[in-house]
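The values are calculated or read from the model by the stated rules, or taken from the named source; none is laboratory data. This is a predicted model, so every value here is computed, not measured. Ideal geometry is used to build each Cβ from the backbone, glycine not excepted, and the neighbour counts take in all protein chains shown. Calculation scope for accessible area: heavy atoms of the full protein, side chains included, ligands and nucleic acids excluded. Shrake-Rupley method; radii C 1.70, N 1.55, O 1.52, S 1.80 Å.
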Amino acid sequence: MNSEIKRANQENDLLQDAIKKAVDKLSQPESYKSVFHKTYNHIGMPSIENLSEIIDILKSVIFPGYFGESEVTTDNMKYHLGSNIDRLSRLLREQIRRGFCFACSKEGVKACHDCQLRTEEVTRKFISKLPGIRELLATDVQAAYYGDPAAKSPAETIFCYPSIIALLHHRIAHALLNLEIPIIPRIISEMAHSKTGIDIHPGAQIDKYCFIDHGTGVVIGETCEIGEDVRLYQGVTLGAKSFPLDDNGDPI
């Protein structure tokens, strides 16, 4: 028994020594300089959890009755939309501000004095785009329903189809990108990518009545322009052009 305790103590000492050595090596500037994000003004990175909640709120606003509080009626519609959009605006403001400050830190700006003002402005502009985003997604729902004989109703495509989830994320991310908000659109697009296997860059321009059938393995690049009433199938790549590199190895 004593030998087992002695061996356990030795192993614990070895573990503590390994921790100390790892911390010492990981603390060396040459170890972390290419992967370290230094915050300014004590403002952290955008929150994946909060952005997920923002998307959930937007789903319940764009498709009332399907997501979130499902007991939505014509009588309480304004209350449902008003309370959700109010919460959306408060959550989104903070994430947009973090996105702006992230860009400032990358550019070496230590005091981004106008980040708060820009945040308020673009949040207001994004909220004003919600009716147009819903209008586009309503056409995508119709395209999915009429484009898939297996679909029993438009409601089924809203609730079940990866195409609608991916396009919802994309149309939100695209609107945010057009407002010149850093990093947030990419995070939102990658959320859909991880859920659906459909990878759409937020810069891609997609017109109404778009349907991505099945969708697994679809890649739509930043410079892609998709016109009205287009159906894509799984395993399709639009883009993937190779670019020359500059002296630092970055694509031109």
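Among what's in the stretch 136-152 and is open to solvent by 40 Å² or more (accessible area, probe 1.4 Å) and without any contact (Cβ under 8 Å) to a residue 12 or more places away in the chain, pick the residue that is nearest to F211 (Cα to Cα). Give the steps one after another, and end with the answer.
Taking the stretch 136-152 and keeping what is open to solvent by 40 Å² or more (accessible area, probe 1.4 Å), we get 136, 138, 142, 145-146, 149-150, 152.
Among the residues that remain, those that are also without any contact (Cβ under 8 Å) to a residue 12 or more places away in the chain are: 138, 146, 149-150, 152.
On the way: A138: 11, Y146: 9, P149: 13, A150: 14, K152: 16 Å.
Taking the candidates together, the pick is Y146.
Among the candidates M77, M45, single out the residue that is in contact (Cβ under 8 Å) with a residue 40 or more places away in the chain and either aliphatic (A, V, I, L, M) or out of contact with any helix residue (DSSP H, G or I) (no Cβ under 7 Å at 6 or more places or on another chain) (or both).
Working: M77 fails: in contact (Cβ under 8 Å) with a residue 40 or more places away in the chain.
Step by step, each of M77, M45 is checked, and only M45 is in contact (Cβ under 8 Å) with a residue 40 or more places away in the chain and either aliphatic (A, V, I, L, M) or out of contact with any helix residue (DSSP H, G or I) (no Cβ under 7 Å at 6 or more places or on another chain) (or both).
So which of G221, G203 ends up being touching a helix residue (DSSP H, G or I) at 6+ places or on another chain (Cβ under 9 Å), of a type in the set (G, A, S) and more than 17 Å from P162 (Cβ to Cβ)? Let's see the steps before the verdict.
Values: G221 fails: touching a helix residue (DSSP H, G or I) at 6+ places or on another chain (Cβ under 9 Å).
Only one candidate passes the filter, namely G203.
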Go through I57, I5 for me and flag whichever is at pLDDT 95 or above, in a helix (DSSP H, G or I) and either over 22 Å from I172 (Cα atoms) or open to solvent by less than 80 Å² (accessible area, probe 1.4 Å) (or both). I57
Determine which member of the set E49, E71 is open to solvent by 90 Å² or more (accessible area, probe 1.4 Å), at pLDDT below 90 and of a type outside the set (G, A, S). E71
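What number of residues within the stretch 187-229 satisfy the criterion of being of a type in the set (G, A, S), touching a Pro at 6+ places or on another chain (Cβ under 9 Å) and outside any loop (DSSP other than H, G, I, E, B)? Quick ask: steps written out before the conclusion?
Keep residues of the stretch 187-229 that are of a type in the set (G, A, S), which gives 189, 192, 194, 197, 203-204, 215, 217, 221, 227.
Now narrow it down to the ones that are touching a Pro at 6+ places or on another chain (Cβ under 9 Å): 189, 192, 197, 203, 215.
Filter once more, so that each one left must be outside any loop (DSSP other than H, G, I, E, B): 189, 192.
Count: 2.
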